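To start, the structure under review is shown below, and the notes come after it.
Computed from the coordinates by the stated procedures, all read-outs in this text should not be read as laboratory data. As the structure is a prediction and not an experimental result, all values here were calculated from the model. Virtual Cβ from ideal backbone geometry, glycine too; neighbours counted across all protein chains shown.
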Amino acid sequence: KFRTMIPDADGWLRQNPDTWTEYQKQYKLQDDPRVTKIGRWLRRTSLDELPQLINILRGQMSLVGPRIITPAELSHYADYAAKLMSVTPGLTGWWQVSGRSGTSYAERVQLDMWYIDNRSPGLDLHILIRTIGVVFQRYGAY
């Protein structure tokens, strides 16, 4: 992904207790003050995701799959962590076309698990088609 945040965004977050508390609830912030102006535009247009195409070409990611997560986010998956780690992450997925940033983290986990349990070439095609609409509508982009 393209860098869309200020340098040391995590450090800034830790120095602002109220914002840190809000961030801890969902691992996202409404109108995140750490995102740069160009970063906001890149996120709204989903262009920040384009560098991940290189990872797809390398075989490290697929077009469709659960969203790649950070080690800090893994704890949210609790009993589902091993299941999540057993599949290749994707550039787009069921979560991205089913609410994106408008969903809670618990909902994101459930959407990822539903995708893993039901994945198929037909579902992947359905997700790819819906992704086009989501990107152009900028739904859930932040």
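A few points about this structure:
- Using 0.36 nm per residue and subtracting the Cα-Cα separation, the extra length available between residue 28 and residue 123 on full extension is 31.4 nm.
- Expected 222 nm ellipticity per residue - DSSP helices of 4 or more, -39500 (n - 2.57), all of the chain, to 500: -14000 deg cm²/dmol
- Label-to-label distance, nm, for residues given as residue 16 and residue 1 (7 Å Cα→Cβ offset): 1.7
- Descending principal axes extents, the chain, alpha-carbon based, whole Å: 45, 34, 28
- Between residue 85 and residue 47, the contour length at 0.36 nm per residue exceeds the Cα-Cα span by 11.1 nm.
- Two-site label geometry, residue 40 and residue 78: point separation in nm, points 7 Å out along Cα→Cβ: 3.6
- Net charge of neighbours whose Cβ lies under 11 Å from the Cβ of residue 13, counting Lys and Arg as +1 and Asp and Glu as -1: -3
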